[in-house]
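The values are calculated or read from the model by the stated rules, or taken from the named source; none is laboratory data. Since the structure is predicted, the reported quantities are computational estimates derived from the model, not experimental observations. When we count neighbours, we look across all protein chains shown, and the Cβ atoms used for this are built from the backbone with ideal geometry, even at glycine. Only protein heavy atoms, including side chains, enter the accessible area calculation; ligands, DNA and RNA are left aside. Shrake-Rupley method; radii C 1.70, N 1.55, O 1.52, S 1.80 Å.
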Amino acid sequence: MPKIVGVSIATPPYTITQEDIKDFAQKIFNSDDHVRRLMPVFDNAMVETRYFSAPLEWFGEHHDFTDVNDLYIKTALQLSEDAVLKLTAQCEIETEDFDVIFFISTTGLSTPSIDARLFNRIKLNPHIKRIPIFGLGCAGGAAGLARAHDYLKAYPTHRALIVAVELCGLAFQKDDFSKSNIVSTAIFGDGAAACLMVGDKVAMPDNLCAHPSTLGSFSTIYPDTEEVMSWKITSEGFKVQLSKNIPTIVTSLVKENVSDFLRAHEIPMEKISHFIMHPGGMKVLQAYSEGLNIPMNKLKHSVDVLRDYGNMSSTTVYFVLQRFLESTRDQSGEYGLLGSLGPGFSSELLLMKWD
């Protein structure tokens, strides 16, 4: 089976505390009574720090979609380069050694895609297969791993590079007084990650072999749920749309979804020792805990990443995975489940096992 060999992360230069963001939001939206009643969402989000592609005062100025998207391209390219170079150093390989690149992002537009632009920044294989993935939002991180798993089963001698970059903060709309905009302002941040997966015929150094193999993936899209989570693309840019029912939907759907997946692999839920779940928000993590009947301490790394970085859409699950891999050692014979939910409304799951 394919193996996850390494994960690296990168963040933009502006570190901002939740308290500063709350004060900023109060100043921007202080004329609206409805918004003032929503301010407790900043305290209840369980987020302490986030990273952004611009200083806080930038968000209080007017920027048209062209300017915002230009900043997306510039920052996404730099963060992609940073993450990939960290990954190659960590995994003791050269940048030319990748056979395929999966590039995941939903928070900006670029043609050619960022992976093609990256080719002119670092020395990649000129014959590398490029698979850019757009529109999966928070589900994109798990989907990237899942699609790389599928690819590597067909090409077991190949090395796959997965890069995820999301600049959610750039979607902030200072004239949007909707609840969705306020909630997103309270939880979303920017970040990037890179991951190396290899086919089972690729030899790797012994010190990198304690990481998990991937046994299978499971994709689900639920009918008539496209309004649960989406972008509305306007002349001002991307406007987030979030349903208040997301935690309820997670609780009601996740148990059946996971059960179907594990049943297909003939593995009982009791054998899953590790849960690497995308922290869409604290209420979503609590919904996972309730829906899967697991204690919150099983989601510790997800909670910690939410606290330290906020929700970075597709990228976030890689931050959770990185923390998990760094903090665990001998997990021989144990199973893990990695999962994300995103627009569609959709689910992506990945089953892992430590050799």
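A compact table of results
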{"item": "Test: residue in segment 21-31 that is surrounded by fewer than 15 Cβ atoms within 10 Å (Cβ to Cβ), over 21 Å from Ala142 (Cβ atoms) and hydrophobic (A, V, I, L, M, F, W, C)", "result": "no"}
{"item": "Matching helices (runs of 4 or more DSSP H) fully within segment 8-48 where at least 2 residues are over 26 Å from Arg323 (Cβ atoms)", "result": "18-28, 33-38"}
{"item": "Qualifying position, being surrounded by fewer than 21 Cβ atoms within 10 Å (Cβ to Cβ), closer than 29 Å to His63 by Cα and among the polar types (S, T, N, Q), among Thr316, Thr251, Thr234", "result": "Thr234"}
{"item": "Filter result for Tyr51 (open to solvent by less than 20 Å² (accessible area, probe 1.4 Å) and at pLDDT 95 or above)", "result": "no"}
{"item": "Exclusive hit being open to solvent by less than 30 Å² (accessible area, probe 1.4 Å) and under 30 Å from Phe188 (Cα atoms), set Thr95, Thr88, Thr111", "result": "Thr88"}
{"item": "Odd one out for Ala210, checked against (1) at pLDDT 90 or above; (2) within 30 Å of Arg263 (Cα to Cα); (3) open to solvent by 30 Å² or more (accessible area, probe 1.4 Å)", "result": "(1)"}
{"item": "Residue ID - nearest to Leu321 (Cα to Cα), chosen from residues in segment 137-179 that are modelled with pLDDT under 90 and outside any helix (DSSP H, G or I)", "result": "Phe172"}
{"item": "Any chance Ala193 is assigned to a strand (DSSP E or B), open to solvent by less than 10 Å² (accessible area, probe 1.4 Å), within 17 Å of Leu338 (Cβ to Cβ) and in contact (Cβ under 8 Å) with a residue 24 or more places away in the chain", "result": "yes"}
{"item": "Segment 90-105: number of residues that are under 22 Å from the mean Cα position of the chain (by Cα) and at pLDDT below 95", "result": "2"}
{"item": "Residue identified as crowded, with 17+ Cβ neighbours inside 10 Å and out of contact with any helix residue (DSSP H, G or I) (no Cβ under 6 Å at 6 or more places or on another chain) among Ala116, Ala139", "result": "Ala139"}
